[in-house]
Amino acid sequence: MKINELKRKLTDYTLNFSFIVNGKPSGITTYEVNNGVPTLTMWYGDKEKQYHDPKNLLNDSFFDGKSLAELSTNLNIEIN
């Protein structure tokens with residue numbers, strides 16, 4: 001999935017994504033919390049982190065020093 005398509009889908013806030021990074025199951029789960037503020041939870045193996053802005057999620061060096069934006073062209077991202 002190209003990065004622009006991933007950005008668009010992340011702002012939907014209703015889709016869940018799964019993929020493998022460095023042999024570890026990984027993904028993004030979306031849901032809403034208090035006052036309609038959306039929360040995205042990204043996970044990698046047993047690590048997880050929450051974000052309120054898709055841009056921060058895409059650019060965070062969460063995957064052993066690499067961001068999802070850097071890795072996205074090499075990942076097989078499935079939408080659940």
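The values are calculated or read from the model by the stated rules, or taken from the named source; none is laboratory data. On a predicted model such as this, the values are computed, not experimentally measured, just so you know. Note: ideal-geometry Cβ built from the backbone for every residue, glycine included; neighbour counts use all protein chains shown.
Restricting segment 32-74 to residues that are in contact with a helix residue (DSSP H, G or I) (Cβ under 8 Å, 6 or more places away or on another chain) and among the hydrophobic types (A, V, I, L, M, F, W, C), the residue that is surrounded by the fewest Cβ atoms within 10 Å (Cβ to Cβ) is 69.
In segment 68-80, is there at least one residue being of a type outside the set (Lys, Arg), at pLDDT 85 or above, out of contact with any Cys (no Cβ under 8 Å at 6 or more places or on another chain) and farther than 17 Å from residue 11 by Cα? The answer is yes; a qualifying residue exists.
Scanning segment 15-44 for residues that are closer than 21 Å to residue 66 by Cβ and among the hydroxyl-bearing types (Ser, Thr, Tyr) gives 18, 26, 29, 41, 44. Number of residues in segment 1-33 that are among the β-branched types (Val, Ile, Thr) and under 18 Å from residue 60 (Cβ atoms) equals 6. Looking across segment 17-31 at every residue that is of a type outside the set (Val, Ile, Thr) and under 11 Å from residue 77 (Cβ atoms), the one that is surrounded by the fewest Cβ atoms within 10 Å (Cβ to Cβ) is identified as 18.
Listed by first and then second residue, the pairs linking a residue in segment 55-80 that is on the phi > 0 side of the Ramachandran plot to a residue that is in a loop (DSSP other than H, G, I, E, B), with Cβ atoms under 8 Å apart and 6 or more places separating them unless they lie on different chains, are 64/22.
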